[in-house]
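Have a look at the structure below, then the notes.
Bear in mind that the values in this text are calculations on the coordinates, not laboratory data. Everything quoted here is computed from the prediction, not taken from an experiment. Here the Cβ is made from the backbone with ideal geometry for all residues, glycine too, and neighbour counts use every protein chain on show.
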Amino acid sequence: MYYRRPNHWLITLYLVVILFPFVYILWLKPLVFHARNPIDPSPPVWGSTPAVSSDAGFLRGKWVAHIDGSSSRSKNEIAQFVLNSANETLEFLPEDRFVWISMGNVVRGTWQDDATRIKLEPETVDNIPVKLALDRLAAQMALPAKSPERNQKWVSEGVTVEGVQRLSPIQLMPDKKRLFCAGDVNQSGQTFLGTTVWDRVRR
């Protein structure tokens, strides 16, 4: 009687096909979910422990922004999509310093506590002084939109600095877990495209 040796490669392939769904559900899917959803599901409440009972202690770490469109004066769906797709991060560092990353640009500076608000003071963007970035932006905006002399990186850097300045100061939300930027709030309590809310990133 002829004995056929098992094909080990074929057996391995079968095992991979059979086990992959279980590996995906139990291991890979949570990793992908955490990567796409960096928000801490159980952020600490301000004052709940000694470590988060001061502004420096509570703010320390990284935060990620999203747009709450419920307060929006504009119903431009395209603008809302772009804003909600943005991946802005804000990190509070020791010695009252911060790093704001937006549109690939890195803004560094200091922050200070102004009673109930956190005031951001940008110093550099992509390692150049804020004043130079704003001067470049003004010069670029004076050029025609399709001018070959228009430097899009300079425009992006300047716009990012303006964004930090416009959205500062940052305040603690009523839930005492998240932060928000009041932005350009009008008398009815609405902003043009919505309120920027900062959620704590999972540590």
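Each Lys or Arg adds one and each Asp or Glu takes one away; over the other residues whose Cβ falls under 15 Å from the Cβ of residue 97, this sums to -3. For residue 53, neighbours were defined as the other residues whose beta-carbon sits under 15 Å from its Cβ, and their charges (Lys and Arg +1, Asp and Glu -1) total +1.
Remark: spin-label model distance residue 95-residue 51 equals 2.3 nm, labels positioned 7 Å along the Cα→Cβ axis. Computed over neighbours whose Cβ is under 15 Å from that of residue 131, the net charge equals -4, Lys and Arg +1, Asp and Glu -1. A protection proxy built from the mean count of other Cβ atoms within 10 Å ranks the segments 146-153, 89-96, most packed first, as 89-96, 146-153.
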